[in-house]
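*Asks:* Please see the structure below; I have some questions.
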Amino acid sequence: TAGLVWRLRPSDTEIQLLEHTHKVLTNLEAETGIEPGWINNGGLFIANNKERLEEYKRLQTIGKVMGVDSYILGPEDTKELYPLMNVSDIYGTLYSPRDGTIDPHGLCTALSRFSTRSGAKVVENCGVEDILTSEGTFGSKTIQGVVTSRGTIKTKCVITCTGQNLNNNKS
């Protein structure tokens, strides 16, 4: 979801990726001098039945092993944390205090400004038409380049950071 930065997921790999993302986002202003719009407002996973609350307890255990602080809260504690919430129909919540939100526009601005200061070139309004690949080891694909509306860029690395057009066979 654009702007939401969670730290808990059901797999250790996802948690590691999210932890790295969290470190990048929370240190970006110090590193670049540009405020990206990070707000550390915490996150609540809301359980409206017993099974969901058990799932969140397991998620908390995985997080604890991976170094992610989180707390199981009853309805009363949840109401104290978030007074506007109606807690009459919930069994509890999982609270992750270091979750937050980031302004997607602010993040893109911070990254592009810092990148251009460091010598990168940002090209806007440039559609990706194809990703060039070649046969790799054991039938895998190796990236060779990207065909754009403004020409071909030779590269061995592509990072998808925008939406995808699922109606286009080249996506």
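The values are calculated or read from the model by the stated rules, or taken from the named source; none is laboratory data. Everything numeric in this text was worked out from a predicted model, so none of it was measured. Neighbour counts are summed over all protein chains in view; Cβ atoms, including those assigned to glycine, are modelled from backbone coordinates with ideal geometry. These area figures cover heavy atoms from the full protein model, side chains too; ligands, DNA and RNA do not enter into them. Shrake-Rupley method; radii C 1.70, N 1.55, O 1.52, S 1.80 Å.
*Asks:* Can you find a residue in the range 132-155 that is of a type in the set (Asp, Glu) and part of a loop (DSSP other than H, G, I, E, B)? If you could, list the steps in order and put the result at the bottom.
*Replies:* Residues of the range 132-155 of a type in the set (Asp, Glu): 135.
Okay, now just the ones that are also part of a loop (DSSP other than H, G, I, E, B), so none.
The answer is no, given that none of the residues of the range 132-155 is of a type in the set (Asp, Glu) and part of a loop (DSSP other than H, G, I, E, B).
*Asks:* Here's a follow-up. Filter the range 65-100 down to the residues that are farther than 21 Å from residue 16 by Cβ and either in contact (Cβ under 8 Å) with a residue 60 or more places away in the chain or of a type in the set (Asp, Glu) (or both) and list them by number.
*Replies:* 76, 77, 80, 89
*Asks:* Next question. Would you tally the residues in the range 1-38 being of a type in the set (A, V, I, L, M) and either modelled with pLDDT of 95 or more or more than 30 Å from residue 116 (Cβ to Cβ) (or both)?
*Replies:* Final tally of qualifying residues: 2.
*Asks:* Before we move on, is residue 141 open to solvent by 90 Å² or more (accessible area, probe 1.4 Å), at pLDDT 90 or above and out of contact with any His (no Cβ under 8 Å at 6 or more places or on another chain)?
*Replies:* On the way: open to solvent by 90 Å² or more (accessible area, probe 1.4 Å): yes; at pLDDT 90 or above: yes; out of contact with any His (no Cβ under 8 Å at 6 or more places or on another chain): yes.
In short, yes.
*Asks:* Sticking with this structure for a sec: Only residues that are basic (Lys, Arg) and within 30 Å of residue 33 (Cα to Cα): list them for the range 115-155, please. Show your work before the answer.
*Replies:* Pass one, the range 115-155, residues basic (Lys, Arg): 117, 121, 141, 150, 154.
Scanning the range 115-155 gives 117, 121.
*Asks:* Can I ask one more? Would you confirm, using the coordinates I've provided, whether residue 88 is open to solvent by 70 Å² or more (accessible area, probe 1.4 Å), modelled with pLDDT of 90 or more and small (Gly, Ala, Ser)? Full working, then the answer.
*Replies:* Working: open to solvent by 70 Å² or more (accessible area, probe 1.4 Å): yes; modelled with pLDDT of 90 or more: yes; small (Gly, Ala, Ser): yes.
In short, yes.
*Asks:* Filter the range 21-79 down to the residues that are assigned to a strand (DSSP E or B) and out of contact with any Gly (no Cβ under 7 Å at 6 or more places or on another chain), then identify the one that is most open to solvent (accessible area, probe 1.4 Å). Give the steps one after another, and end with the answer.
*Replies:* Let us first name the residues in the range 21-79 that are assigned to a strand (DSSP E or B), namely 38-39, 43-47, 71-73.
Still in the list and also out of contact with any Gly (no Cβ under 7 Å at 6 or more places or on another chain): 43-46, 71.
On the way: 43: 5, 44: 44, 45: 27, 46: 81, 71: 111 Å².
Ranking the candidates gives 71 first.
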